[in-house]
Amino acid sequence: MHRGLLNGGSYMSLGQVYRGTTVPTKKNNVKKILHLGGAAKKKIEPFFDQCMTEMTEALTADSFEGSEKQLQKMSFNAEEAALLGMDDIELKNIQLQFPSSRRFSGEGICAEKRVHTDRGDIVVAVQGDRSKPAIITYHDLGLNYVCFQPFFNFVDMRALLESFCVYHVNAPGQEDGALSLPEDYVYPTMDELANQLNYVLGHFGINSFIGFGVGAGANILARFAIAQPSKVDALVLINCTSNQAGWIEWAYQKMNSRSLRSRGMTQGVLDYLMWHHFGRYPEERNYDLAQMYRAYFTRNVNPTNLSLFIDAYVRRTDLGIARETETIKVPVLNITGALSPHVDDTVTFNGRLNPNNSTWMKISDSGMVLEEQPGKISEAFRLFLQGEGYVAPLSPSKIVTFRRLSDAARRRRPCRHSPVIRITENPISEAVVC
């Protein structure tokens, strides 16, 4: 090295220079590589300090990475040793808890009765004390009275039903396990199905009732209220249609009816029923609920009997009501879901009702409102009945008591081996959305 660069400084050998860099524990020796003085020290010092800083950072990083890898290895060895040292555990039982679940069937105590009519016998399921005011329900296409049980077994509805007795009416041949109707059987029209309610009223000694219908059942109850308004106190109608079927609906339903009679429950019919009840893309909103109803339509519905019910519904006539002339005289709560394919039908129906005694409600984020938003429907139903003077307001403490009793009954219920389909729900506490 040229001594002019050092200008009076001292020189050290390469072995002495790199000894400090190869032994991390002696980092202080690195600073003693050059001993400069005078002008040479001032000239070399900035370059020297930069090199020392970079070298120190590199050594520190390598040391840290090595320590981290060593710690990870030690941690892995400790976990492995802990797992190997555990005693064997035998899994004997798994108990699932569903704090807010409800069953598709089996919870409500319903006594099935056969009622004789002029068009054959129909099945009516009675739930509650028959000495109390009556609520009559009527179901939609592809369903029967079982579809109402989850809603009426909802916690808030149980508190409300202390004051009522519910009569679930089934259309001919639509109950679970029904045999195929005879080939020469002429299925009743929609007006004749409405007239069958007179036999139900006479059989149970009912003078008047509150109607609760969905889809085709809502149309049947509306026809009965138009024909005999003195026997109806109020109506709660979900997805009710007031006019006759259009060409597109007629074509689809005719194809579905023929498929059901010839090939049974096909995929096309199944998809149409899912659209009819839930609207589009039900699996994206509630996959388990959609799959449960697909399985129900496939396994529990009699295809031949359903085809006859569909034929009767597609041949329906217009209700023949108008807001300015003749309309439904009893109070009506007209409900639909924001995602339901029947929103326009309910708007048309609402335009033909008297605004003084009718209310139109659209429930957000739902197509099949009884299943997807039971909390909102129960709240709307309770307020509607309070407005008609049937029930007193429910205190929060009473609702809490019913919820505790419901949870206690579910815990005490013995385990059954029969298959039970469960639906997980999300009770909504806020007010009804219009």
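The values are calculated or read from the model by the stated rules, or taken from the named source; none is laboratory data. Fair warning: this is a prediction, and the values are worked out from it, not measured in the lab. Backbone-built Cβ (ideal geometry, glycine too); neighbour counts: all protein chains shown.
Regarding residue 364, is this residue surrounded by fewer than 15 Cβ atoms within 10 Å (Cβ to Cβ), under 28 Å from residue 272 (Cβ atoms), small (Gly, Ala, Ser) and under 26 Å from the mean Cα position of the chain (by Cα)? Quick ask: steps written out before the conclusion?
Working: surrounded by fewer than 15 Cβ atoms within 10 Å (Cβ to Cβ): yes; under 28 Å from residue 272 (Cβ atoms): yes; small (Gly, Ala, Ser): yes; under 26 Å from the mean Cα position of the chain (by Cα): yes.
It is true that residue 364 is surrounded by fewer than 15 Cβ atoms within 10 Å (Cβ to Cβ), under 28 Å from residue 272 (Cβ atoms), small (Gly, Ala, Ser) and under 26 Å from the mean Cα position of the chain (by Cα).
Only one of the numbered conditions (1) touching a strand residue (DSSP E or B) at 6+ places or on another chain (Cβ under 7 Å); (2) part of a helix (DSSP H, G or I); (3) over 28 Å from residue 296 (Cα atoms) is violated by residue 222, and that is (3).
For the range 312-349, filtered to residues that are touching a Phe, Trp or Tyr at 6+ places or on another chain (Cβ under 6 Å) and closer than 13 Å to residue 235 by Cβ, the residue that is surrounded by the fewest Cβ atoms within 10 Å (Cβ to Cβ) is 333.
For the range 170-182, does any single residue satisfy the condition of being surrounded by fewer than 16 Cβ atoms within 10 Å (Cβ to Cβ) and of a type in the set (Ser, Thr, Tyr)? Yes, the range 170-182 contains a residue that is surrounded by fewer than 16 Cβ atoms within 10 Å (Cβ to Cβ) and of a type in the set (Ser, Thr, Tyr). Screening the candidates 280, 263 for the property of being loosely packed, with under 13 Cβ neighbours inside 10 Å, closer than 30 Å to residue 351 by Cα and modelled with pLDDT under 95 yields one hit, 280. With respect to the conditions (1) farther than 21 Å from residue 116 by Cα; (2) crowded, with 23+ Cβ neighbours inside 10 Å, residue 211 lacks only one, and its number is (1). Residues in the range 227-241 that are surrounded by fewer than 23 Cβ atoms within 10 Å (Cβ to Cβ), touching a residue at least 60 places away in the same chain (Cβ under 8 Å) and of a type outside the set (A, V, I, L, M): 229, 233. Taken over the range 123-154, the residue count meeting the criterion of being among the β-branched types (Val, Ile, Thr), modelled with pLDDT of 95 or more and over 20 Å from residue 207 (Cβ atoms) is 1.
Being of a type in the set (A, V, I, L, M, F, W, C), touching a helix residue (DSSP H, G or I) at 6+ places or on another chain (Cβ under 6 Å) and modelled with pLDDT under 95: is that true of residue 98 here? Give the steps one after another, and end with the answer.
Working: of a type in the set (A, V, I, L, M, F, W, C): yes; touching a helix residue (DSSP H, G or I) at 6+ places or on another chain (Cβ under 6 Å): no; modelled with pLDDT under 95: yes.
For residue 98, the condition - of a type in the set (A, V, I, L, M, F, W, C), touching a helix residue (DSSP H, G or I) at 6+ places or on another chain (Cβ under 6 Å) and modelled with pLDDT under 95 - is not met.
Close contacts from the range 379-398, counting a first residue that is at pLDDT below 90 and acidic (Asp, Glu) and a second that is outside any helix (DSSP H, G or I) and surrounded by 17 or more Cβ atoms within 10 Å (Cβ to Cβ), with Cβ to Cβ under 9 Å and a gap of 6+ residues or different chains, come to 388/210; 388/233; 388/234; 388/331.
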